[in-house]
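**Q** There's a structure below that I have some questions on.
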Amino acid sequence: MIRAANDTMLASMGRWITALFATLFLTMVSLPAAAFVVEGPRGEASDGIDNLMRAPRWALSSGSLVESGERGLGGGLEYAVDDSVCTLRFVHEVSCAEIRAELARVLDVWAEGHPALFFTDVTGRISPGRAYSPATAENGAEIDFFADTPSRFPPFMNPYTTGYTLFYERPAGTLVLTNGKVLRDVRAIGAADVRFNAARCYYLDVAHARADCVHFASLALHEIGHALGIGHPDDRPEMNLDSDRDPGNRLVVNCRAPEDGLKVSPRVNPSAVLVGRDVQGPGRWRRGLSWDDAAARDALYPHCGIEVPDRSYTAWGAFALSADGSREGRVRLRPSREAAEAGAVADCGADCRTVAAFEGCFALARGRSGQAGVGQAVRSDHARIDAVLACSERDSGCEVTVDFCAFD
């Protein structure tokens, strides 16, 4: 079976509008932040725990693909980088070797502290093979990286689809977890293709960041999470899992029984790597895995020898305006609401006050007569829509003039 996960910057306009804002100077309620979700089984799961325990994942194996033809975690997840990746259009000079080295660094972020999860570069020893059907899915390495044009890969006909990951799962009979426990009637992932949209522009160095281009490492970090079997928490909140409903604490997975202590929580950490939108900016790469991203990994691949590094859990942003609206201040990546509000006011200057402090994304729209509306959401496209609709309640010709996320 082929599973797919795609990542876009835009979403449908048809969504519930959570709030309309009567005045511009309104401090907005922060977004709750917690929980992870895995891709889950082929059939509908009864709840989040069932979804986790039946989810496809990579199995332990005694040998490697190169040495013995075995697919699984033995010898590390073996990956190959297709030459097409080196043809991606970067806004600054980047060599093929630098692109491959960046992918290796991104893979190391997912492997950090995990004794049984690591990645082995087999480029040149195994030729990458695109999976177009279950019959061709296991051509190539365990994880293959490609760049595809929209004409070759139709999902990229949507210009805002920046990356797309396909993984192939097969019946495993019994599947050995990384903690030694044996699961039955669970399908094993046998291969994964990570594809980058060749029609987009990219950058490695954040000094060359452009709003219309994609930060390569951040996108790759997100897509590799899909290749491991982790899903978008903002797509399936009813399946999200957490140990409690406190968004500010660490989420630790029981290494012997990963389902123990977990419960359904619809909350979403907007700065988590696996949130399904706004993956093109460098913010997530700078922050690495959130507690939720790491918990998803450790729940699928439990191991009692995992070393838990310090992780940034959340990031706050804020926007401030002067009383006459002529000056503005904005900050990102602050550790608390208070720090963000103080930073935005300081950036704006005298006679300024906070319009919004938030953990996700913020937008402000203005109309022809100067009326304004603001929006806040986990995703920037939703914040923009909310801001335009809020402004349109009071004015015409509303357009977004401010748009940024706390985690970028």
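Values quoted throughout were computed directly from the atomic coordinates according to the rules given, and no laboratory measurement underlies them. Remember, it's a predicted structure, so these values are computed and weren't measured experimentally. Glycine also receives a Cβ, built like all others from the backbone with ideal geometry; neighbour counts cover every protein chain displayed.
**Q** Please compute the Kirkwood hydrodynamic radius of region 303-355 from all pairs of different C-alpha atoms, in Å with one decimal.
**A** For region 303-355, inverting the mean 1/r across all distinct Cα pairs yields 12.2 Å.
**Q** Measure nothing but the geometry: give the 0 to 90° angle between the long axis through the Cα atoms of 337-348 and the longest principal axis through the Cα atoms of the chain, rounded to 10°.
**A** Its long axis makes an angle of about 50 degrees.
**Q** Another question, if that's okay. Enumerate the calculated ³J(HN,Hα) couplings along region 215-228 in order (Karplus 6.51 cos²θ - 1.76 cosθ + 1.60, θ = phi - 60°), each rounded to whole Hz, writing x wherever the residue is Gly or Pro.
**A** The phi angles translate into 6, 4, 5, 5, 5, 4, 4, 5, 5, 5, x, 5, 4, 8 Hz.
**Q** Something else about it: Once the dipole of the chain is set up with Lys and Arg at +1 and Asp and Glu at -1 on Cβ about the Cα centre, which of H208, S336, L364 lies farthest towards its positive end?
**A** The residue sitting farthest along the positive end of the dipole is L364.
**Q** Counting only residues 5 or more places away or on other chains, whose amide H sits under 5 Å from the amide H of G231 once H atoms are built in the peptide plane?
**A** Those qualifying (amide H under 5 Å, at least 5 residues apart or on another chain) are V37, V38, E39.
**Q** Note down the relative contact order for region 44-156 as a percent, whole number, built from C-alpha pairs under 8 angstrom at least six residues apart.
**A** In percent, rounded to a whole number, it is 29.
**Q** What 222 nm value per residue comes from the helices of the chain, counting each DSSP H run with n ≥ 4 as -39,500 (n - 2.57) and dividing by all residues, nearest 500 deg cm²/dmol?
**A** -5500 deg cm²/dmol
**Q** Can you tally the net charge around L204? Count Lys and Arg as +1, Asp and Glu as -1, for every other residue whose Cβ sits under 9 Å from the Cβ of L204.
**A** So the environment of L204 carries a net charge of -3.
**Q** For the chain, set up a Gaussian network in which alpha carbons nearer than 10 Å are linked by springs, and say which option among G325, G163, G343 fluctuates the most.
**A** Residue with maximal mean-square fluctuation among G325, G163, G343: G325.
**Q** For a quick protection proxy, order the peptides 92-101, 297-306 by their average other-Cβ count within 10 Å, most packed first.
**A** 297-306, 92-101
**Q** A further question follows. Provide the net charge surrounding R256, with neighbours chosen by a C-beta distance below 14 Å and charges set as Lys +1, Arg +1, Asp -1, Glu -1.
**A** -2
**Q** Still on this structure: Going by amide H atoms built from the backbone, whose H comes under 5 Å of the H on V355, apart from near neighbours?
**A** Those lying under 5 Å, H to H, from V355 are F319, A320, L321.
**Q** All other residues with a Cβ under 12 Å from the Cβ of L65 taken together, and with Lys, Arg as +1 and Asp, Glu as -1, what is their net charge?
**A** -4
**Q** Once phi is turned into θ = phi - 60°, what whole-Hz ³J(HN,Hα) does the Karplus curve with 6.51, -1.76 and 1.60 give for every residue of region 349-359, x standing for Gly and Pro?
**A** Using θ = phi - 60°, the values come out as x, 5, 6, 10, 9, 6, 8, 7, 10, 7, 9 Hz.
**Q** Can you tell me what share of the DSSP beta bridges in the chain is antiparallel? A percent to the nearest 5 is fine.
**A** So the antiparallel bridges in the chain amount to around 70 percent.
**Q** Here is a further query. Determine the relative contact order of region 34-300: mean sequence separation of Cα pairs under 8 Å and six or more apart, normalised by residue count, in whole percent.
**A** Taking the mean separation of contacting Cα pairs over the length of region 34-300, I get 25 percent.
**Q** Taking amide H atoms as placed 1.01 Å from N in the peptide plane, list the residues 5 or more away in sequence, or in a different chain, whose amide H sits under 5 Å from that of G288.
**A** Excluding prolines and chain starts, which carry no amide H, there are no hits.
**Q** Give me a comma-separated list of calculated 3J(HN,Hα) values for region 381-392, in order, Karplus coefficients 6.51, -1.76, 1.60 applied at θ = phi - 60°, integers in Hz, x for any Gly or Pro.
**A** Karplus values, whole Hz, x for Gly and Pro: 5, 5, 5, 5, 4, 4, 5, 5, 5, 5, 5, 5.
**Q** Here's another thing I want to ask about it. Suppose R0 equals 56 Å. What FRET efficiency, 1/(1 + (r/R0)^6) with r the Cβ-Cβ distance, do A346 and A257 give to the nearest 0.05?
**A** That gives a FRET efficiency of 0.70.
**Q** While we're on this one: So I have (i) 178; (ii) 138; (iii) 274, and one of them is volume of the Cα convex hull per residue in Å³ calculated from this model. Which one is it?
**A** (ii)
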